[in-house]
Amino acid sequence: MARRFLASPDMDAKTRVAGLLVLLYGVQLTRIVTIRSAQVDATSRPVKLTIGSEPIELPDVLGDAVLVLVAEAAKYREGWLFPGRNPGNHLTPGPLGRRLRDQGLRSGSARTTALIELSRQMHPRIVSDLLGITPASAAAWSRLAGGDWTDYPGLR
């Protein structure tokens, strides 16, 4: 599914960005719709997006799609990457979820898969800092993924 979203340049930028944030980083739709252009560092390559306390370096395809949304957000004073129908408000998760389902993506299961995979690859504290989830939640995802980070302090 991620390959499809990465390899579909004709896909709407909002759908593409939201789908890739769910598929690659396990970000909830409720967090995605509240992203503002100020959270994007478009001055560097790769493009960086700050969701938690640390910025995430985005793959070029995702970064380019985010830059399209940043350019569109410049039209609005609030700077939402996902502006809603009502002036000044962001899009709600429902319509965004429908867009993703139309593309065959079920955000709940995709998010679970992404978080398990990230938790296998990274220490829970890093996952927490990157995604803005609580350390306890990141630790729970790590346990679910079967991660054993007891040797992490020594590796660090």
- prompt: Is it true that some residue in region 7-14 is of a type in the set (A, V, I, L, M, F, W, C), surrounded by fewer than 22 Cβ atoms within 10 Å (Cβ to Cβ) and under 14 Å from the mean Cα position of the chain (by Cα)?
  reply: yes
message: As an exercise: evaluate T92 against (1) touching a residue at least 24 places away in the same chain (Cβ under 8 Å); (2) surrounded by fewer than 17 Cβ atoms within 10 Å (Cβ to Cβ); (3) closer than 13 Å to G26 by Cβ and give the number of the one condition it does not meet.
response: (3)
query: Name the residues in region 73-99 that are modelled with pLDDT of 90 or more and touching a Pro at 6+ places or on another chain (Cβ under 8 Å), would you?
result: A73, N89, H90, L91
message: So R3 passes all but one of these: (1) at pLDDT below 95; (2) in contact with a Gly (Cβ under 8 Å, 6 or more places away or on another chain); (3) in a helix (DSSP H, G or I). Which condition number does it fail?
response: (2)
query: Here are some conditions: (1) of a type in the set (D, E, K, R); (2) over 11 Å from the mean Cα position of the chain (by Cα); (3) surrounded by 14 or more Cβ atoms within 10 Å (Cβ to Cβ). D60 meets all but one. Which one does it not meet?
result: (3)
field: Of the criteria (1) surrounded by 15 or more Cβ atoms within 10 Å (Cβ to Cβ); (2) closer than 30 Å to L144 by Cβ; (3) in contact (Cβ under 8 Å) with a residue 12 or more places away in the chain, which one T50 fails
entry: (3)
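The values are calculated or read from the model by the stated rules, or taken from the named source; none is laboratory data. All figures in this text were calculated on a predicted structure; none of them were measured in a lab. Cβ sites come from the backbone with ideal geometry, for glycine too, and all protein chains shown count toward neighbours.
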